[in-house]
Amino acid sequence: MKILVVKFGGTSVGNLERIENASKRVIQKLKEGYRVVVVSSAMSGETDRLINLAKQVDPMPPERELDMLISTGEQQAIALFAMTLQKLGVPSVSLCGWQVPVLTDDVHTKARVKRIVVQKLKNLLEEGYTPVVAGFQGVTESGEITTLGRGGSDLSAVALAYALGADCEIYTDVEGVFTADPRIVPNSKKIPVISYEEMLEMASLGAKVMQARSIEFAMKHRVRIHVRSSFSDSDGTWIVPEEEVMEKSVVRAITLDRNESRITVVRVPDRPGIAYSIFKALGDAHIVVDMIVQNVSHQGYTDMSFTVNRSETSKAEQIVKKVAQEIGAQEVVRDDRIAKVSVVGIGMRSSYGTAAKMFEVLYKNGINIMAISTSEIKISCLIEDKYGELALRELHSAFIEEGEEVKVVNES
Ligand code: ADP
Ligand code: ASP
Ligand code: MG
């Protein structure tokens, strides 16, 4: 049985006409001889709408109830999708995460997939059904409904593809993965083939097109992914192991992340154990911390800053305020007007001068750098939010449009 998992994002199921268009794509795949498992996101805007409702009740809603609420967006979409397929003559059945089941841990709003039981899906496929599974949601061993983090339908699709031994197609509202967000940089180019490593960096650094955790999962289990448009037939981007990527650019893509906030703990005593106290408390609350900067100390005191995802800033702020009191810091300051621009490429491992060039572009545009972080295949700079799009375009122009492009060619 040749199985294919196809996932449709919010825009691709944004109204009934689009659900019909997506269904026709599924029918095409069935005609090509595949047994198809569909994964659907909520209709576009629905998850945001539900989160907004919850926040009107409580700015920091209880996470169990939040999952109960926001998982309903996908439930609506799968029912409409399965109805549409049936109307078009395809036997289909919709399934929520708990009905598959997609088993997760119990970290509400960003649960991890632990195990997927595929027997029911396989039986349905053998009986000639096309199952439509709700993305983004799972269930704990004790029956609690969980969600997998924003953009989590990508993870649902990749995890199902792995569990079923299938390839994975991600249908979205752009033609693939581009050298920068095509909505901000019109000159960006589609990348035909990209390694897991680069895609993971891009996704973690703000390229919304794929959820970072889905790529982490795909890399670990070597699931091949084809990202493509649900509105055109052209080939999209293949995300594959690094050894299958023939051309290695020093800088493959530029990303912009406007979804973080910076928290600064002002005037903390500079002694052993302080960083531990702050970040242990955040870790215990499952908060992912990004760029950390500790200033040079003055008279035994220093400032400590870090960035977190905007959706977790309030929670992080609350936790750090408590720790700040215990350790005798002066105050905790939050700043939402920041953005992070990054250059990403596996060729960076064996090249030099990239950081200097990046800093030069920012300097020539009068943009101040507040923090820098690097890995072997990326350089990120924290800047003021109002310069985010300018920085993205200028870096794209310097590195991709005028850049030397292919530096290293894989000979294997
Ligand atoms: P879906 O609803 O299909 O999951 P998303 O909105 O999550 O779609 O992701 C697609 C969006 O990602 C695009 O509309 C685009 O604006 C944005 N995006 C950001 N960076 C990139 C990039 N480098 N390549 C392609 N799209 C990108
Ligand atoms: N509907 C969820 C979200 O908006 C999951 C997804 O779209 O992948 O984050
Ligand atoms: Mg998405």
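The rows are residues; the columns are (1) modelled with pLDDT under 95; (2) farther than 26 Å from Gly283 by Cα.
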residue: Arg310; (1), (2): yes, no
residue: Val344; (1), (2): no, yes
residue: Ser351; (1), (2): yes, yes
residue: Phe359; (1), (2): no, yes
residue: Asp385; (1), (2): no, yes
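Of the conditions (1) out of contact with any Pro (no Cβ under 7 Å at 6 or more places or on another chain); (2) modelled with pLDDT of 95 or more; (3) part of a loop (DSSP other than H, G, I, E, B); (4) away from ligand 3 (no atom under 14 Å from the Cβ), Asp233 satisfies every one except a single condition; which number is it?
(2)
Looking at this structure, is Arg228 of a type in the set (Lys, Arg), part of a strand (DSSP E or B), farther than 23 Å from Gly97 by Cβ and within 15 Å of ligand 3 (Cβ to nearest atom)?
yes
Restricting the search to the range 264-279, which residues are part of a strand (DSSP E or B) and either surrounded by fewer than 20 Cβ atoms within 10 Å (Cβ to Cβ) or not aliphatic (A, V, I, L, M) (or both)?
Thr264, Val266, Arg267, Pro269, listed by residue number.
So which of Met219, Met202, Met210 is aliphatic (A, V, I, L, M) and assigned to a loop (DSSP other than H, G, I, E, B)?
Result: Met210 is the single residue among Met219, Met202, Met210 that is aliphatic (A, V, I, L, M) and assigned to a loop (DSSP other than H, G, I, E, B).
Here are the criteria: (1) out of contact with any Gly (no Cβ under 8 Å at 6 or more places or on another chain); (2) at positive phi. Tell me which single one Gly45 does not satisfy.
For Gly45, the failing item is (1).
Which of the residues belonging to the range 184-204 are touching a residue at least 40 places away in the same chain (Cβ under 8 Å) and either open to solvent by 60 Å² or more (accessible area, probe 1.4 Å) or within 13 Å of ligand 3 (Cβ to nearest atom) (or both)?
Once the filter is applied, which keeps residues that are touching a residue at least 40 places away in the same chain (Cβ under 8 Å) and either open to solvent by 60 Å² or more (accessible area, probe 1.4 Å) or within 13 Å of ligand 3 (Cβ to nearest atom) (or both), the range 184-204 yields Asn187, Lys189, Lys190, Pro192.
If you check Gly152, Gly138, Gly143, Gly165, which single one turns out to be in contact (Cβ under 8 Å) with a residue 40 or more places away in the chain, away from ligand 1 (no atom under 16 Å from the Cβ) and crowded, with 22+ Cβ neighbours inside 10 Å?
Gly138
Would you pick out the residues in the range 236-263 that are touching a strand residue (DSSP E or B) at 6+ places or on another chain (Cβ under 8 Å), surrounded by fewer than 19 Cβ atoms within 10 Å (Cβ to Cβ) and more than 21 Å from Asp154 (Cα to Cα)?
Hits for the range 236-263 are Glu244, Met246, Glu247.
For the range 312-412, list the strands (runs of 3 or more DSSP E) that sit wholly inside it and hold at least 1 residues that are open to solvent by 50 Å² or more (accessible area, probe 1.4 Å) and without any contact (Cβ under 8 Å) to a residue 60 or more places away in the chain; which are they?
371-375, 378-384
Residue by residue, here is whether (1) part of a strand (DSSP E or B); (2) more than 12 Å from ligand 2 (Cβ to nearest atom); (3) under 19 Å from Ser229 (Cβ atoms) holds:
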position: Glu17; (1), (2), (3): no, yes, yes
position: Val36; (1), (2), (3): yes, yes, yes
position: Met68; (1), (2), (3): no, yes, no
position: Ala82; (1), (2), (3): no, yes, no
position: Asp106; (1), (2), (3): no, yes, no
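For Ala42, are the conditions met, namely being assigned to a helix (DSSP H, G or I), open to solvent by less than 10 Å² (accessible area, probe 1.4 Å) and either out of contact with any His (no Cβ under 6 Å at 6 or more places or on another chain) or farther than 19 Å from Thr147 by Cα (or both)?
For Ala42, the condition - assigned to a helix (DSSP H, G or I), open to solvent by less than 10 Å² (accessible area, probe 1.4 Å) and either out of contact with any His (no Cβ under 6 Å at 6 or more places or on another chain) or farther than 19 Å from Thr147 by Cα (or both) - is not met.
So His108 ticks every box in (1) in contact (Cβ under 8 Å) with a residue 60 or more places away in the chain; (2) buried (at least 19 other Cβ atoms within 10 Å of the Cβ) but one. Which box is left unticked?
That leaves (1) as the condition not met.
Hey, can you tell me all the residues within the range 290-311 that are in contact (Cβ under 8 Å) with a residue 24 or more places away in the chain and open to solvent by 30 Å² or more (accessible area, probe 1.4 Å)?
Within the range 290-311, Asp290, Val293, Ser297, Gly300, Tyr301, Asp303, Asn309, Arg310, Ser311 meet the criteria.
Counting only residues that are away from ligand 2 (no atom under 16 Å from the Cβ) and surrounded by 21 or more Cβ atoms within 10 Å (Cβ to Cβ), which one in the range 205-227 is nearest to Leu382 (Cα to Cα)?
Leu205
When Gly283 is evaluated against the numbered criteria (1) assigned to a strand (DSSP E or B); (2) at pLDDT 95 or above; (3) open to solvent by 30 Å² or more (accessible area, probe 1.4 Å), which criterion, by number, is the only one it fails?
(1)
The values are calculated or read from the model by the stated rules, or taken from the named source; none is laboratory data. Given the structure is predicted, the values throughout are model-derived calculations rather than measurements. As a convention, Cβ positions derive from the backbone with ideal geometry for all residues, glycine included, and neighbour counts pool all protein chains shown. What goes into the accessible areas is simple: the full protein's heavy atoms, side chains included, and nothing from ligands, DNA or RNA. Shrake-Rupley method; radii C 1.70, N 1.55, O 1.52, S 1.80 Å.
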